[in-house]
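*Asks:* Below is a structure I'd like to ask you about.
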Amino acid sequence: MFDPNGQWIPLETYDDFDNGLGELIDLWSSADKSVTPKIKQAALAHYKADLEAATLQWADNKAKSKKYAAIALELAEFEDVLVNGAGPAA
């Protein structure tokens, strides 16, 4: 997602998005003081923009479209947790 200099690396492939979602969740879960809310919000915004672009690119390819839709669903679930919290403990 980010290179060592803090520059966003655009996500392009399904694997980029699949791995990137885990990295995004790890970033948001980080207790590292250098990971500011601004960095977290920027990463989320970049991820969402790249995912939207990929979804539009593969809109005519049903198989790839389904893969990206699944990632979008996982991202929506993650965002729901960010907004509403994790909910009651199981």
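*Asks:* Highest mean first, what order results for 2-9, 62-69, 77-84 on Cβ atoms within 10 Å?
*Replies:* Top of the packing list down: 62-69, 77-84, 2-9.
*Asks:* Once neighbouring chains are kept in place and the probe is 1.4 Å, which whole percent of the accessible area of the chain is contributed by carbon and sulfur?
*Replies:* Whole-percent figure for carbon plus sulfur exposure: 55.
*Asks:* What angle do you read, to the nearest 10 degrees and between 0 and 90, between the alpha-carbon axis of helix 62-84 and the longest principal axis of the chain?
*Replies:* Around 20 degrees separate the two axes.
*Asks:* Still on this structure, I have one more. Treating the angle as unsigned and between 0 and 90°, give the value, to the nearest 10°, between the Cα long axis of helix 37-57 and the longest Cα principal axis of the chain.
*Replies:* Between the helix axis and the principal axis of the chain, the angle is about 10 degrees.
*Asks:* A further question follows. Could you sort out which of Lys40/Lys67; Lys40/Lys64; Lys33/Lys67; Lys38/Lys67 sit more than 32 Å apart by Cα distance in this structure?
*Replies:* Lys33/Lys67
*Asks:* Within the stretch 1-43, which residues have the backbone N less than 18 Å from the label spot 7 Å out from Ala76 along Cα→beta-carbon, could you tell me?
*Replies:* Taking a point 7 Å out along Cα→Cβ of Ala76, the residues of the stretch 1-43 whose backbone N falls under 18 Å are 18, 21.
*Asks:* Computed from the coordinates I sent, P(r) over Cα pairs in 10 Å bins from 0, in percent equals one of [x] 15, 48, 28, 9, 0; [y] 15, 32, 22, 16, 10, 5, 0; [z] 16, 40, 29, 14, 1, 0. Tell me the label.
*Replies:* Computing P(r) over Cα pairs in 10 Å bins from 0, in percent and matching it to [x] 15, 48, 28, 9, 0; [y] 15, 32, 22, 16, 10, 5, 0; [z] 16, 40, 29, 14, 1, 0 gives [x].
*Asks:* Under a crude label model (7 Å from the Cα following the beta-carbon direction), how far is Asp3 from Leu56 in nanometres?
*Replies:* Going from the Asp3 label point to the Leu56 one covers 2.5 nm.
The values are calculated or read from the model by the stated rules, or taken from the named source; none is laboratory data. Note that the structure is a prediction, hence the values are computed from the model and not measured. Reconstructed Cβ throughout: ideal geometry from the backbone, glycine too, with neighbour counts over all protein chains shown. Just so you know, the surface numbers come from the protein's heavy atoms only, side chains and all, with ligands and any DNA or RNA stripped out. Shrake-Rupley method; radii C 1.70, N 1.55, O 1.52, S 1.80 Å.
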